[in-house]
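Trainee: The structure's right below; bear with me while I get my questions together.
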Amino acid sequence: MSRLVHSFTTKIPVWSPYVTPVDLASATSEQMAAMQVTPSNKGVSPYVLTLAHDPESLAVRSPLFNKIMYGKDGLTAAERELGAVGASVVNRCIYCAAVHASRFNGLTKRPEVMDTIFRDERDARLEPREQAIFDFAAQLSETPPKVEEAAVENLDTVGLDMLEAVDLVFSAAIFGWANRLMHTLGEPVAD
């Protein structure tokens with residue numbers, strides 16, 4: 001029997017949908033086309049199969065997600081992942097935090113950063129650039145209109161240019177949406 005996962009970890013839990021995902025063997029041609037634009041080449045996840053109930057939205061969601069998280073300009077891939085983790089910690093999305101912390105660790109080979117974030121959450125103390133990225137993503141995820149001017153100025157102080165700052169807004173914002181969608185459609189479980 002599975003149990004709900006409640007704490008942050010880099011061990012990626014199983015995501016269990018509340019609704020029955022689309023059966024790949026009986027998916028419509030429109031659903032199949034939408035699922036082919038997803039980032040995974042290792043198979044179609046239960047999450048994507050759940051999103052495939054609305055193939056028109058999925059066909060738009062996946063390319064947008066890919067451009068934001070895997071774009072070649074602006075923030076580094078690791079910094080985009082850090083922004084995603086900042087949003088996911090605030091939104092208490094255990095699954096997304098685990099996935100993107102694991103990607104950050106793989107890219108940087110610095111698991112101590114995620115260990116600190118998962119231990120201390122919003123009180124985490126990081127190197128200045130990572131701190132500015134984490135703090136901004138977290139503030140933006142809490143209440144977008146209340147992002148402090150100091151948080152924005154701090155991005156400039158640590159050297160983020162305009163494109164990097166926009167990338168950070170995009171990565172945090174898409175996870176504000178993705179976290180809430182995952183919470184609505186399912187939950188993380190462990191064996």
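Trainee: Taking trypsin sites (Lys or Arg not before Pro) as candidate sites, keep only those in a DSSP loop with at most 10 other Cβ atoms within 10 Å, then name the longest stretch of the chain containing none of them.
Mentor: 126-191
Trainee: Given the DSSP H assignment, sum -39500 (n - 2.57) over each helix run of at least 4 residues in the chain and divide by its residue total; what's the result at 222 nm in deg cm²/dmol, nearest 500?
Mentor: The helix contribution divided over the chain gives -19000 deg cm²/dmol.
Trainee: Then there's this: Out of THR157, THR143, THR116, any idea which swings most in a Gaussian network model of the chain, alpha carbons joined below 10 Å?
Mentor: Result for the chain, Cα springs under 10 Å: THR143 fluctuates most.
Trainee: Could you list the residues of the stretch 63-106 with an amide nitrogen less than 20 Å from a label point located 7 Å from the Cα of HIS183 in the Cα-to-C-beta direction?
Mentor: Under cut-off, by backbone N: 82-101.
Trainee: Additional query: Per 0.36 nm of contour for each residue apart, how much would the distance between LYS11 and THR28 grow if the chain were fully extended, relative to their Cα-Cα spacing?
Mentor: 2.8 nm
Trainee: How large is ³J(HN,Hα) for each residue in the stretch 130-142, as worked out from phi by the Karplus curve 6.51 cos²θ - 1.76 cosθ + 1.60 (θ = phi - 60°), to whole Hz, x for Gly and Pro?
Mentor: Taking θ as phi minus 60°, the curve returns 5, 4, 4, 5, 4, 4, 5, 4, 5, 4, 4, 6, 6 Hz for the stretch 130-142.
Trainee: Separate question: Pick from GLY71, GLY86, GLY176: which residue has the top mean-square fluctuation in a GNM of the chain where Cα pairs under 10 Å get a spring?
Mentor: Of GLY71, GLY86, GLY176, the most mobile in the Gaussian network model is GLY71.
Trainee: Under 5 Å between amide hydrogens, which residues at least 5 positions from ALA27 or on another chain qualify, with H placed 1.01 Å from N in the peptide plane?
Mentor: Amide H neighbours of ALA27, under 5 Å, 5+ apart: none.
Trainee: Can you list residues whose amide H is under 5 Å from HIS53's amide H, if they're 5+ apart or on another chain and H is modeled 1.01 Å from N?
Mentor: Correct list: VAL22.
Trainee: Output wanted: per-residue J couplings in Hz (rounded whole) for the stretch 167-176, from phi through Karplus 6.51 cos²θ - 1.76 cosθ + 1.60, θ = phi - 60°, x for Gly and Pro.
Mentor: Going residue by residue, I get 4, 5, 4, 4, 5, 5, 5, 5, 7, x Hz, with x marking Gly and Pro.
Trainee: If you average the alpha carbon positions of the stretch 27-88 and of the stretch 100-115, how far apart do those two centres end up, in angstrom?
Mentor: Centre-to-centre (Cα) distance: 21 Å.
Trainee: Computed over the Cα atoms, what is the radius of gyration of the stretch 47-127 divided by 2.2 N^0.38 Å, N being its residue count?
Mentor: 1.21
Trainee: Using a 1.4 Å probe on the protein heavy atoms, what percent of the accessible area of the chain belongs to carbon and sulfur?
Mentor: The computed percentage sits at 56.
Trainee: Taking the chain as a Gaussian network, Cα atoms linked when under 10 Å apart, which of PRO46, PRO145, PRO128 shows the biggest mean-square fluctuation?
Mentor: With Cα springs under 10 Å in the chain, the top fluctuation among PRO46, PRO145, PRO128 is at PRO145.
Trainee: In square angstrom, rounded to the nearest 10, how much accessible surface does TYR18 have for a 1.4 Å probe?
Mentor: Roll a 1.4 Å probe over it and TYR18 shows about 130 Å².
Trainee: Another question about this same structure. From the backbone phi of the stretch 79-96, what are the Karplus-calculated ³J(HN,Hα) couplings (6.51 cos²θ - 1.76 cosθ + 1.60, θ = phi - 60°) in whole Hz, Gly and Pro given as x?
Mentor: Whole-Hz 3J(HN,Hα) from phi for the stretch 79-96: 5, 5, 5, 4, x, 5, 5, x, 5, 5, 5, 4, 7, 6, 8, 4, 5, 5.
Trainee: For the residue pair LEU4 and ASP161, what label-to-label distance in nm results when each label sits 7 Å from Cα along the Cα-to-beta-carbon direction?
Mentor: 4.6 nm
Trainee: If each of VAL152 and ARG129 carries a label point 7 Å out from its Cα toward its Cβ, how far apart are those two points in nm?
Mentor: 2.3 nm
Trainee: Residues with amide H under 5 Å of TRP15's amide H, sequence separation 5 or more or different chain, H placed in the peptide plane at 1.01 Å from N; which?
Mentor: VAL189
The values are calculated or read from the model by the stated rules, or taken from the named source; none is laboratory data. Values in this document were obtained by computation on a predicted structure and should not be read as measured data. Don't worry about glycine lacking a Cβ; one is built from the backbone with ideal geometry, like all the others, and counts go over all protein chains shown. Surface areas here come from the heavy atoms of the whole protein model, side chains and all, with no ligands, DNA or RNA. Shrake-Rupley method; radii C 1.70, N 1.55, O 1.52, S 1.80 Å.
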